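One structure below.
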Amino acid sequence: MKKVIFRSRSREENPRWTNFHEYYGFTPFYCEPGLRGAHEKGGVEGQVGYFRRNYLTPVPQVDSLDELNGRLAEFEAKEDERRIGARMRTIAQDYAREAGHLLPCRTIRSPPGSPSLPASTVTA
């Protein structure tokens, strides 16, 4: 992100960020800056903290990435039946409603850890 434009959801984006979201086929939706938008991102951050505290603290001791991925899949399966706050539906029910709107993951064609995606990999 380069800068917020006129205290709005509009942003002047860093070209690397623009390449990233165009490559992966999503349109960023930015929170409002300041107090007007303070409530917008707390729910997601709270759920990340919940998952970390409940499943990643202490850090799981594993012998391989496959074992860690297997444990994470078990943790996610436990979470499927949980309700967030006072919501009527479970996490799995909400996911089932939204799954049809999700885009498939793109194949990464640049080496892992590269500082940015080459312009040749960006497709609309």
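Miscellaneous remarks
One line per residue, one yes/no per condition, for (1) at pLDDT below 95; (2) touching a Pro at 6+ places or on another chain (Cβ under 9 Å); (3) open to solvent by less than 70 Å² (accessible area, probe 1.4 Å):
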| site | (1), (2), (3) |
| --- | --- |
| SER64 | yes, no, yes |
| GLU76 | yes, no, no |
| ILE84 | yes, no, yes |
| ARG89 | no, no, no |
| ALA99 | yes, no, yes |
| CYS105 | yes, no, no |
| ARG109 | yes, yes, no |
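- So PHE20, is it open to solvent by 70 Å² or more (accessible area, probe 1.4 Å) and of a type in the set (Phe, Trp, Tyr): yes
The values are calculated or read from the model by the stated rules, or taken from the named source; none is laboratory data. Please read all numbers here as calculations on a predicted model, not as lab measurements. Note: ideal-geometry Cβ built from the backbone for every residue, glycine included; neighbour counts use all protein chains shown. For accessibility, only protein heavy atoms count, side chains too; no ligands or nucleic acids. Shrake-Rupley method; radii C 1.70, N 1.55, O 1.52, S 1.80 Å.
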